[in-house]
Amino acid sequence: MRRYNRPIMELLQPDAPGIDRAARALAGGLLVAIPTETVYGLGANAFDAVAVARVFEVKRRPGFDPLIVHIADISGLALVASFPNALAERLAEAFWPGPLTLILPRTPRVPALVTSGLDTVAVRMPAHPVARAIIRAAGVPVAAPSANPFGYLSPTRAEHVVRMLGDAIDFVVDGGATDIGVESTVLDVTGERPLILRPGGLPRAAIEAVVGPVDLVDRVSETPTSPGQLASHYAPRASLHLVAEGALPDASIGEGEGLVFFSEASRAAYRARRGSCGPRVTERILSPGGDLREAAAALFVVLHELDEAGVAGIWAERVPAEGLGLAVNDRLWKASTKQ
Ligand code: TXA
Ligand code: MG
């Protein structure tokens with residue numbers, strides 16, 4: 001009989017015994033949250049449809065939203081995706097391991113549940129050494145969505161996972177704070193021209209430098225082809241108001257609300273205009289020096305903190321729309337849109 005309803009989630013260290021334990025648990029059908037360089041993933045053996053079903057259940061994720069399958073080495077790709085695909089090979093060569101997810105035709109071995117019945121599969125080789133060691137030792141591809149309840153903020157620290165899903169999963173491997181802080185870039189390479197379905201940790205310009213022009217899905221499209229495009233995703237509990245860079249309003253910020261600035265310079269400009277907001281307004285800066293990588297890494301941490309602090313509402317400004325700024329603005333926009 002297998003595995004359900006383990007009474008208590010166990011926290012594992014990212015050392016050899018922890019990696020071994022996590023790998024055995026995954027191979028045996030249990031759910032293990034693992035650190036990656038982007039965000040924490042909720043891992044299950046991708047070939048075990050029952051374990052995958054439990055991922056959907058604990059995340060309360062709708063069945064139409066397919067999962068990303070993670071592999072440790074390039075040899076794992078042929079198990080889940082059909083080849084040849086010259087574009088995918090060039091991209092994998094250039095960017096794996098790393099924050100790039102490729103959409104490819106799937107092999108029949110991948111359970112339909114993983115791909116929500118689509119004939120394509122999302123595949124990624126994460127760069128985090130602990131993630132790769134666990135997947136390699138498990139000996140199976142690992143289906144892993146971000147380890148958060150559906151629609152809520154993604155976790156960038158083990159404690160975020162413990163707080164959000166700790167009572168429903170088996171293990172969390174604590175790999176500390178994630179490096180990139182926003183999810184991978186999802187790129188569809190099944191067509192003639194690559195199409196970014198979700199901007200993420202790998203900037204568009206980096207991809208274009210290798211394969212030429214790529215298209216970007218219109219984010220406000222009414223018929224999303226990647227459910228990551230759904231509005232009201234990555235959202236905090238408090239309602240988030242998103243404004244243009246430098247356009248945080250002077251008047252409407254009330255007591256008990258949170259303010260998210262891109263940089264120290266933008267906060268200084270705001271303060272010069274408005275004066276102090278008073279002690280009951282919680283201020284956060286994504287990157288004091290205005291660095292987009294740092295802002296991406298801080299984004300979910302800051303939003304989790306404001307939610308934990310119980311702020312009544314959040315006001316955030318957009319960041320410059322270049323490099324990782326595209327992914328940051330995408331997440332802020334989705335967090336701000338209520339359906
Ligand atoms: O960085 C990441 O990508 C993290 C870490 C854990 O690897 N994972 C992650 O997974 O963000 P998730 O499930 O939260 O997001 C997966 C995205 C969703 O937007 C989903 O709709 C899309 O990938 N996706 C998965 N399979 C797809 C497919 N066959 N076609 C189109 N989109 C797909
Ligand atoms: Mg997610």
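Considering only region 203-213, I want to know if a residue exists there that is closer than 24 Å to ASP291 by Cα, part of a loop (DSSP other than H, G, I, E, B), assigned by TED's automatic domain parsing to the domain that holds ALA81 and not polar (S, T, N, Q).
Looking through region 203-213, at least one residue is closer than 24 Å to ASP291 by Cα, part of a loop (DSSP other than H, G, I, E, B), assigned by TED's automatic domain parsing to the domain that holds ALA81 and not polar (S, T, N, Q).
Tell me, please, whether a residue that is modelled with pLDDT of 95 or more and within 11 Å of ligand 1 (Cβ to nearest atom) can be found in region 201-212.
yes
Which residue, of VAL39, VAL58, VAL50, VAL69, is within 16 Å of ligand 2 (Cβ to nearest atom) and surrounded by fewer than 21 Cβ atoms within 10 Å (Cβ to Cβ)?
Answer to the check: VAL58.
Got at least one residue in region 315-322 being closer than 16 Å to ALA238 by Cα, of a type in the set (A, V, I, L, M, F, W, C) and either touching a residue at least 24 places away in the same chain (Cβ under 8 Å) or not assigned by TED's automatic domain parsing to the domain that holds LEU259 (or both)?
yes
Any idea how many residues of region 42-59 are without any contact (Cβ under 8 Å) to a residue 60 or more places away in the chain and within 18 Å of the chain's Cα centre (by Cα)?
Qualifying residue count for the region: 1.
If GLU192 passes every condition in (1) over 11 Å from the mean Cα position of the chain (by Cα); (2) in a loop (DSSP other than H, G, I, E, B); (3) within 27 Å of ARG24 (Cα to Cα) but one, which one does it miss?
Tallying (1) over 11 Å from the mean Cα position of the chain (by Cα); (2) in a loop (DSSP other than H, G, I, E, B); (3) within 27 Å of ARG24 (Cα to Cα), GLU192 fails exactly one: (3).
Taking region 30-59 as the search range and keeping residues that are more than 13 Å from ligand 1 (Cβ to nearest atom) and among the charged types (D, E, K, R), which one is nearest to THR107 (Cα to Cα)?
ASP48
SER75 - would you say it is assigned by TED's automatic domain parsing to the domain that holds ILE207, polar (S, T, N, Q) and surrounded by 16 or more Cβ atoms within 10 Å (Cβ to Cβ)?
No: the conditions fail for SER75.
Report every pair of residues separated by at least 6 positions or lying on different chains whose Cβ atoms are under 9 Å apart, first residue within region 134-147 and within 15 Å of ligand 2 (Cβ to nearest atom) and at pLDDT 95 or above, second assigned to a helix (DSSP H, G or I) and among the aromatic types (Phe, Trp, Tyr).
Listed pairs, sorted by first residue: PRO145/PHE56.
Within region 109-122, is there a residue that is closer than 11 Å to PRO35 by Cα and more than 8 Å from ligand 1 (Cβ to nearest atom)?
Among the residues of region 109-122, not one is closer than 11 Å to PRO35 by Cα and more than 8 Å from ligand 1 (Cβ to nearest atom), which makes the answer no.
Step by step: first the residues of region 89-117, then only those that are aliphatic (A, V, I, L, M), within 21 Å of the chain's Cα centre (by Cα) and within 14 Å of VAL69 (Cβ to Cβ), then the one that is surrounded by the fewest Cβ atoms within 10 Å (Cβ to Cβ). Which residue is that?
Within region 89-117, the match that is surrounded by the fewest Cβ atoms within 10 Å (Cβ to Cβ) is LEU113.
Within 22 Å of PRO105 (Cβ to Cβ) and among the polar types (S, T, N, Q), is that true of THR190?
Considered against the rule, which asks whether it is within 22 Å of PRO105 (Cβ to Cβ) and among the polar types (S, T, N, Q), THR190 comes out as yes.
Give, as residue ranges, the helices (runs of 4 or more DSSP H) completely inside region 251-339 that count at least 1 residues that are at pLDDT 95 or above, of a type outside the set (Gly, Ala, Ser) and closer than 18 Å to LEU153 by Cα.
292-308, 325-336
Near ligand 1 (Cβ under 10 Å from one of its atoms), closer than 19 Å to LEU30 by Cβ and assigned by TED's automatic domain parsing to the domain that holds ILE71, is that true of PRO155?
Yes.
The values are calculated or read from the model by the stated rules, or taken from the named source; none is laboratory data. Keep in mind that this is a model prediction, so the values were computed, not measured. Every residue, glycine among them, receives a Cβ derived from its backbone with ideal geometry; neighbour counts consider all protein chains shown.
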